[in-house]
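K.L.:
Could you have a look at this structure, given as structure tokens, before my questions?
Laboratory data are not the source of any read-out in this text; all were calculated from the coordinates shown. Remember, predicted model here, so these are calculated numbers, not experimental data. Positions of Cβ are backbone-derived with ideal geometry, glycine not excepted, and every protein chain shown enters the neighbour counts.
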Amino acid sequence: MVTIPPQPWPTGLAEDVEPLVRRVLAPNPSPYTFTGTQTYVVGMADGPDCAVIDPGPNDPDHLEAIMAAVAGRTIVAIMCTHTHRDHSPAAAPLAAQTGAPIVGCAPLVLAVDGPRSDEAFDPTYAPDRVLADGEAMRGTGWTLTAVATPGHTSNHLCFALEESGALFTGDHVMGWSTSVVIPPDGDMGDYMASLDKLMAREDVRYHSAHGAAIEKPRQLVRGMIGHRRQREGQILRLLAEAPRAVSDFIPAMYKGLDPRLVGAAEMSVTAHLIDLEKRGLAKRTGAHGDETWQTI
Ligand SMILES: [Zn+2]
């Protein structure tokens, strides 16, 4: 189980994490956000312009801390990796305050009706421009290229800082925890493909939205792919024993789980089961919300 380190951590203070990158931690720690969301300000410290990645929750103290980190530079782009409530709600007030455009991931439209499982979705996000995979934003001495990485959400983008080889990974890859994949918008098959996509890249370092910088990125990604395959293997073994409901997988698969995370674990198992169903390895019977899963 992950424990959040004891306070104080440097909320509101800009930290220089590499020559072109400043990090500001938002005051929103939780079991889902670890010590909180990290906003990145990218640009030359003495340059005329910068980009702000994942402005975070709409919190006046955090907005003030971002403006202090921007230090008088023009914000060329407010860039969001995805539209969860701990990442994008500050985009609109920051844009209103500075006139900067919101550029980056697509707004999320949930295609599935019924009970909304993705409660973390931010409906206020309205970008001025959506970046396609491989499209770049440029400023003085910096280039940020979008790398489409759906899975955690369907609209998730990472941003590659071409000048240093760093990749801003949002919630796709984090050092403190694996990504939560919540259907219907989260998709395990897409997530695995997006991990494979990072394995094929040469990024030297990851800056994720939560937790410390990752200095051996591909080693971590390889471990995450292995972890998901292991989870999938557990699910297939449990299905082979007997048909079962999603909640029946949790005690066998997540020993000592923080009770606050049971819902997330059930969503993750559901995401795996949907992926197995798509691949013709599992099927469900019973009414929606009361399904039993079995092997084929
Ligand atoms: Zn997220």
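K.L.:
Determine the gain in length on full extension of the stretch Q97-T3; use 0.36 nm per residue of separation and subtract their C-alpha separation, reporting nm with one decimal.
P.N.:
On the way: separation 94, 0.36 × 94 = 33.84 nm, distance 3.59 nm.
30.2 nm is the gain from fully extending Q97 to T3.
K.L.:
Helix-derived [θ] at 222 nm for the chain: sum -39500 (n - 2.57) over DSSP H runs of at least 4, divide by residue count, nearest 500?
P.N.:
-8000 deg cm²/dmol
K.L.:
With only alpha-carbon pairs counted, each pair once and no self-pairs, how large is the Kirkwood hydrodynamic radius of region 179-229 in angstroms?
P.N.:
When all Cα pairs of region 179-229 are included, the Kirkwood radius is 11.8 Å.
K.L.:
Quote to one decimal, in nm, the extra length available between T292 and A213 on full extension: 0.36 nm per residue of separation minus the C-alpha distance between them.
P.N.:
Full extension of this stretch gives 24.4 nm more.
K.L.:
Hey, another quick one. Which semi-axes, in whole Å and largest first, does the equivalent ellipsoid of region 92-231 have when worked out from the alpha carbon gyration tensor as the square roots of 5 times its eigenvalues?
P.N.:
Rounded to whole Å, the semi-axes are 24, 22, 12.
K.L.:
If you project the alpha carbons of region 37-111 onto the principal axes, what extent comes out on each, in Å, largest first?
P.N.:
44, 22, 20
K.L.:
Label 7 Å along Cα→Cβ of A242; region 250-268 residues with amide nitrogen under 18 Å?
P.N.:
250-254, by backbone N distance to the label point.
K.L.:
Just to be sure I understand the model, the point goes 7 Å from the Cα along the line to the Cβ. What's the resulting W176 to K278 distance in nm?
P.N.:
Those two pseudo-labels are separated by 2.9 nm.
K.L.:
Something else now. So how far apart, in nm, are the two label points at V17 and V262 if each is 7 Å from Cα heading toward Cβ?
P.N.:
Inter-label distance under the simple model: 3.4 nm.
K.L.:
Taking Cα pairs under 8 Å and at least six residues apart, what relative contact order does the chain come out at, in percent?
P.N.:
Relative contact order of the chain: 12 percent.
K.L.:
Name the residue farthest towards the positive end of the dipole of the chain from the options P101, A282, P6, assuming +1 on Cβ of Lys and Arg, -1 on Cβ of Asp and Glu, about the Cα centre.
P.N.:
Sorting the options by dipole projection puts first A282.
K.L.:
Skipping prolines and chain starts, which residues have an amide H placed within reach, meaning under 5 Å, of the one on T81, given they are 5 or more residues away or on another chain?
P.N.:
Amide H to amide H, under 5 Å and 5 or more residues apart or across chains, T81 pairs with D54.
K.L.:
Among 7-15, 67-75, 183-191, how do they line up by average Cβ neighbours within 10 Å per residue, starting with the highest?
P.N.:
Top to bottom by mean Cβ count within 10 Å: 183-191, 67-75, 7-15.
K.L.:
Mind jotting down a quarter of the surface of the convex hull over the alpha carbons of region 128-192, in square nanometres, one decimal? Spell out each step's value before the answer.
P.N.:
On the way: hull surface 21.1 nm².
The orientation-averaged projected area of the Cα hull of region 128-192 comes to 5.3 nm².
K.L.:
Would you mind calculating the gained length between T143 and R229 on full extension (0.36 nm times residue separation, minus the Cα-Cα distance), in nm to one decimal?
P.N.:
Contour length minus Cα-Cα distance gives 27.5 nm.
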